[in-house]
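Read the figures in this text as sums done on the coordinates, not as results from a lab. None of these values were measured; they are calculated from a predicted model. Methodologically, a virtual Cβ is constructed for each residue, glycine included, from the backbone with ideal geometry; neighbour enumeration extends over all protein chains shown.
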2 protein chains.
Amino acid sequence: MRKVAIIGIGDTRFGELWDLSLRDLGIHAGLSAVYDANLSGDEIDALYLGNMSAGKFIEQEHIGALIADYSGLARDHIPATRVEAAGASGGLAFRQGYMAIASGMQDIVVVGGAEKMTDVGDTLSTEIQAMAADQQWESSFGATFPALHAMIARRHMHDYGTTREQIASVAVKNHKHGSMNPKAQFQREIKLESVLKSPPVAEPLGLFDCAPVSDGAAAVVLCAMDKARKYTDTPVEVLTSTQASDTLSLAHRESLCRFDATTVAAERAFKRTGLSPSDIQVAEVHDSFTISEILAIEDLGFFPKGQGGAATADGQTALGAKLAVNTSGGLKARGDPIGATGIAQVVELVHQLRGEAGKRQVAGAEYGLAHNVGGTGATAVVQLLGRVN
Amino acid sequence: MRKVAIIGIGDTRFGELWDLSLRDLGIHAGLSAVYDANLSGDEIDALYLGNMSAGKFIEQEHIGALIADYSGLARDHIPATRVEAAGASGGLAFRQGYMAIASGMQDIVVVGGAEKMTDVGDTLSTEIQAMAADQQWESSFGATFPALHAMIARRHMHDYGTTREQIASVAVKNHKHGSMNPKAQFQREIKLESVLKSPPVAEPLGLFDCAPVSDGAAAVVLCAMDKARKYTDTPVEVLTSTQASDTLSLAHRESLCRFDATTVAAERAFKRTGLSPSDIQVAEVHDSFTISEILAIEDLGFFPKGQGGAATADGQTALGAKLAVNTSGGLKARGDPIGATGIAQVVELVHQLRGEAGKRQVAGAEYGLAHNVGGTGATAVVQLLGRVN
């Protein structure tokens with residue numbers, strides 16, 4: 001297994017980007033990453049692309065070839081592979097790229113993620129997002145994605161005494177972080193009261209508990225570590241990338257209050273690297289809903305089960321604490337263009353580990369963790385990154 | 001790079017399978033392959049799944065997790081990854097699995113492909129298939145998939161004198177082969193006259209020049225060669241798997257009469273293995289239309305450019321000739337459940353290389369080639385397989 005470095009990053013602003021198509025977004029992010037890596041295109045061995053549902057959102061499949069073509073990579077007949085696992089599409093694409101280089105099969109790989117969600121209306125968008133869940137046993141009975149997460153929230157409140165205010169505090173923190181991120185969809189702070197009073201979506205979750213519908217793209221360039229210094233003075237090491245599955249339907253789980261795929265992926269990642277949760281200073285976790293972040297920080301091992309809500313309300317995951325969670329603003333404030341999210345998490349960690357995160361810099365960040373989820377936890381991917389001294 | 005073996009294969013019949021859902025198909029093929037490999041489920045390291053457009057065909061994304069769940073693999077939290085490149089989805093999934101084992105990262109991997117196409121009507125099905133082409137510059141102007149291939153056929157006739165009868169002879173041959181394949185969608189021979197007189201779809205192509213709309217699934221189990229004998233007496237070696245891209249739109253190509261992605265993928269495959277086209281006795285090539293097979297056998301190097309039609313009409317690609325092409329019946333007669341096709345090609349080659357192909361057995365088959373295409377040639381994958389003595 002070779003060491004793998006990230007030598008370039010690029011992303012678009014996330015938001016309602018009416019004037020940009022999926023191909024525009026993909027090309028912008030991809031070329032930004034290639035420029036950041038000081039690469040010429042002919043050094044690239046492969047492209048991996050995370051995208052959940054271009055078929056439904058823009059009536060286009062075969063997205064890998066599309067982006068390869070419009071980025072100029074088709075000229076050299078570079079292999080382009082689209083990977084999909086709903087919300088974890090970006091994280092899985094990253095893992096494919098990581099494995100390709102770690103194994104010695106490829107030297108330089110571009111991994112991108114992109115989604116163009118706002119070309120369809122809100123109703124269809126909600127339906128498409130529900131395709132991450134089990135269409136036969138969940139979605140077709142009317143269980144939207146917010147509804148499934150509302151059940152999780154209710155059960156977490158019941159089992160552990162988590163309060164509505166604690167859940168809402170995730171949104172307050174992430175909006176505060178987002179206010180320091182010029183690429184975030186929402187760059188305004190919000191008050192706890194605003195979250196509590198926001199229009200109900202699926203109770204107890206209100207509008208401000210839900211990540212928005214977003215357009216956007218992000219990309220990274222991966223390279224064998226022994227060649228990384230040729231391109232950059234600040235390579236960031238990919239220490240490992242792990243993935244795990246769980247049942248697609250919530251009904252088949254032992255508990256609604258944990259995502260076992262997250263736990264297993266995290267355990268595998270810590271075991272492989274010899275690190276533990278306390279070694280991590282900065283984590284980007286999958287907060288598609290406020291309750292999701294509480295589950296995530298528990299399942300990843302940062303806090304004992306049931307204490308994620310209290311820890312968040314207590315400021316233990318905010319910028320300045322020992323562990324900063326979702327400094328980018330997270331899905332909640334940075335935005336959630338589904339296929340792009342897993343890559344955008346990595347982009348944020350690279351900013352942090354390079355020491356380039358500006359106002360939201362985590363002092364002395366040495367190890368970062370990205371946690372990307374598909375559906376209601378049926379797929380989870382964990383990436384561990386480290387600063388190279 | 002470790003040697004990789006195929007130790008198990010499984011598939012469903014292809015056709016209009018009204019009583020089987022996508023998950024039924026995927027499970028049936030996957031479990032058949034696992035049984036064929038004499039595996040217990042807990043030895044499996046990962047699942048890769050090829051699928052083009054479950055989002056559009058059955059309103060379900062996150063198919064990797066779905067199949068992992070319903071196959072019982074989620075219990076062990078096995079990573080499940082869906083790969084998409086339109087018609088080449090299966091071939092690309094196979095390549096991911098091959099790389100995972102060749103690199104030493106995984107030991108035993110299940111690779112499946114599945115598509116459930118007949119739950120939507122013919123018009124929508126045609127629209128979905130057109131999403132493999134460029135939605136912005138081709139499909140949205142009304143260029144369906146048959147229309148794009150009709151242009152290719154016209155140009156091939158113009159440039160090389162290929163005749164309508166030669167093109168039709170591909171269908172006659174593949175139906176004859178399909179008549180010997182109990183899993184084929186069409187198991188009846190047809191006459192040249194029937195092809196010529198079939199209702200026009202996009203002239204010069206008629207109904208019998210087009211692969212059908214199909215439901216179906218196929219799966220293989222891949223294993224490191226040094227462990228393969230533990231499971232089977234008849235491992236088949238994967239000699240290499242190569243992939244190449246081209247422009248998504250036909251309009252951006254130098255020539256309509258060749259798929260450069262095919263040529264490049266084939267050249268890479270022959271270079272890596274030291275084989276040449278004349279070493280191959282049996283090939284499964286991507287005949288989504290009759291004209292596609294003519295392009296394929298030329299681009300793969302079996303016949304000089306322009307001579308594929310004459311060679312086919314002359315019987316040089318039929319069972320019994322030095323090279324047998326599409327002994328399964330090909331997409332044309334075996335059927336084309338899009339994501340399953342690239343895996344079904346490999347399943348057929350394994351039958352041939354094991355000497356288990358029954359009436360359609362190619363005598364002394366030693367090397368087999370599978371050729372899987374996405375869109376009108378924007379993605380191509382070539383797999384080279386060899387008998388293990």
Among residues of the range A:35-67 being more than 7 Å from chain B (Cβ to nearest Cβ) and in a loop (DSSP other than H, G, I, E, B), the residue surrounded by the most Cβ atoms within 10 Å (Cβ to Cβ) is A:Asn51
Which condition from (1) surrounded by 17 or more Cβ atoms within 10 Å (Cβ to Cβ); (2) over 30 Å from B:Ala5 (Cβ atoms); (3) within 13 Å of another protein chain (Cβ to nearest Cβ) is the one that B:Gln106 breaks?
(2)
Within 13 Å of another protein chain (Cβ to nearest Cβ), more than 20 Å from A:Gly309 (Cα to Cα) and over 20 Å from the mean Cα position of the chain (by Cα), is that true of A:Ser276?
no
Residue among A:Leu319, A:Leu331, A:Leu369 that is more than 14 Å from every other protein chain (Cβ to nearest Cβ), within 22 Å of A:Ala102 (Cα to Cα) and not charged (D, E, K, R)
A:Leu369
Subset of the range A:68-84 (residues that are outside any helix (DSSP H, G or I), more than 7 Å from chain B (Cβ to nearest Cβ) and closer than 23 Å to A:Ser53 by Cβ)
A:Ser71
Among the residues of the range A:267-315, write down those that are within 16 Å of A:His177 (Cβ to Cβ), among the charged types (D, E, K, R) and part of a helix (DSSP H, G or I).
A:Glu293
In the list A:Ala363, A:Ala340, A:Ala333, A:Ala321, which residue meets the criterion of being among the hydrophobic types (A, V, I, L, M, F, W, C), out of contact with any strand residue (DSSP E or B) (no Cβ under 6 Å at 6 or more places or on another chain) and surrounded by 21 or more Cβ atoms within 10 Å (Cβ to Cβ)?
A:Ala333
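Working only within the range B:97-128, note down all residues that are in a helix (DSSP H, G or I) and closer than 15 Å to B:Cys223 by Cβ. Reasoning before the result, please.
The initial filter retains those residues of the range B:97-128 that are in a helix (DSSP H, G or I), namely B:97-102, B:122-128.
B:Gly97, B:Tyr98, B:Met99, B:Ala100, B:Ile101, B:Ala102 - these are the residues of the range B:97-128 that are in a helix (DSSP H, G or I) and closer than 15 Å to B:Cys223 by Cβ.
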Given the condition within 14 Å of chain B (Cβ to nearest Cβ) and either of a type outside the set (Val, Ile, Thr) or at positive phi (or both), answer yes or no: does some residue in the range A:145-157 qualify?
yes
Would you check which residues across the range A:4-30 are away from chain B (no Cβ under 14 Å), over 18 Å from the mean Cα position of the chain (by Cα) and crowded, with 17+ Cβ neighbours inside 10 Å and list them?
A:Ala5, A:Ile7, A:Leu17, A:His28
Would you be able to say whether some residue in the range B:192-199 is over 21 Å from B:Gly315 (Cα atoms), part of a loop (DSSP other than H, G, I, E, B) and either touching a Lys or Arg at 6+ places or on another chain (Cβ under 9 Å) or not aliphatic (A, V, I, L, M) (or both)?
yes
Could you figure out which of (1) touching a His at 6+ places or on another chain (Cβ under 7 Å); (2) closer than 14 Å to A:Glu84 by Cβ isn't true of B:Ala132?
(2)
